[in-house]
Amino acid sequence: MVEPSSGTRIGDLILIDAKTLALSLRRSLVPIGQPGGSSPGIPIPVTPHAKFVVVIDAGHGGPDPGAIGIGGVREKDVVLSISQQVAALLQQQGIEVVMTRNDDSDVDLEPRVQLAEQVNATLFVSIHANAFRMDRPDINGLETFYYSTGDGLAQMVHRTILQNVKIGDRGVRTARFYVLRETSMPSILIETGYLTGQNDAPLLATDNFRTQMANAIARGIVLYLGAG
Ligand code: ZN
């Protein structure tokens, strides 16, 4: 029986010969709770039989609030709430989830990508909320971006959100965002509505809408993986 300490990632079990098994253990790049603190957050599950590893990337965090919209709603808070719910829903489906942040911490773009590569992620899903100018509250709606291999995932998740959440459709598009460009697995970035939009902003401020959005994102991912 192997019982690794918190934050340890378990690699593949390799049969070296009839009498020797090798198992790689390494420290995760993900901070578990606050640095040096004891708040556990959502633990990284140890599920050696999981077929899929999905990285959920809540945008921004710490001193970087992301967009700030109508009523002072901060993107970093909206996307953490949605991301944590997506993670929990995927875990319920037996999918291993790794979060790039699970609290209000500051994570650069590069370690977000490095983490996805290190855990051999099947998919990378970055969750954001959009903003335009405060004098354009008429701009509202969902946008999903991919760079290259995330096309199918983007289409599936985008469609599933539109089928399950009352939000306008601003389409699936390509974009050269760092986290999309530098990840080697199918990766997408979801802009879950406009914090500066008169329709989206009040909704993004509610737990109910965030939960609906999280449910739809998780459902789209599961459908894409063919796991549910
Ligand atoms: Zn953002």
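Observations
- Residue that is surrounded by the fewest Cβ atoms within 10 Å (Cβ to Cβ) [pool: residues in the range 177-187 that are away from the ligand (no atom under 15 Å from the Cβ) and part of a loop (DSSP other than H, G, I, E, B)]: S184
- Residue pairs whose Cβ atoms lie under 8 Å apart, separated by 6 or more positions or on different chains, with the first residue in the range 88-117 and modelled with pLDDT under 95 and the second aliphatic (A, V, I, L, M), are Q93/A218; Q93/V222; Q93/A227; G94/A50; G94/A227.
- In the range 50-86, the residues that are within 10 Å of the ligand (Cβ to nearest atom), open to solvent by 30 Å² or more (accessible area, probe 1.4 Å) and at negative phi: D64, P65
- If you filter the range 188-212 down to residues that are assigned to a helix (DSSP H, G or I) and among the hydrophobic types (A, V, I, L, M, F, W, C), you find that the one that is most open to solvent (accessible area, probe 1.4 Å) is L203.
- The range 132-152 - residue that is over 16 Å from F177 (Cα atoms) and in contact with a strand residue (DSSP E or B) (Cβ under 7 Å, 6 or more places away or on another chain) and, of those, most open to solvent (accessible area, probe 1.4 Å): F132
- Leading residue by the ranking (farthest from the ligand (Cβ to nearest atom)) among those in the range 130-172 that are without any contact (Cβ under 8 Å) to a residue 60 or more places away in the chain and in a helix (DSSP H, G or I): Q163
- Meets criteria (closer than 21 Å to V107 by Cβ and of a type in the set (A, V, I, L, M)) for V157: no
- The range 87-108, subset hydrophobic (A, V, I, L, M, F, W, C) and crowded, with 18+ Cβ neighbours inside 10 Å, residue nearest to M134 (Cα to Cα): V107
- Scan of the range 108-129 for residues that are part of a helix (DSSP H, G or I), away from the ligand (no atom under 14 Å from the Cβ) and among the aliphatic types (A, V, I, L, M), ordered by number: V113, L115, A116
- The range 84-101, residues that are assigned to a helix (DSSP H, G or I) and in contact with a helix residue (DSSP H, G or I) (Cβ under 9 Å, 6 or more places away or on another chain): Q84, Q85, V86, A87, A88, L89, L90, Q92
The values are calculated or read from the model by the stated rules, or taken from the named source; none is laboratory data. Treat the numbers as computed from the prediction; the structure is a model and nothing was measured. Glycine also receives a Cβ, built like all others from the backbone with ideal geometry; neighbour counts cover every protein chain displayed. In case anyone asks, the SASA skips ligands and DNA or RNA and just uses the protein heavy atoms, side chains included. Shrake-Rupley method; radii C 1.70, N 1.55, O 1.52, S 1.80 Å.
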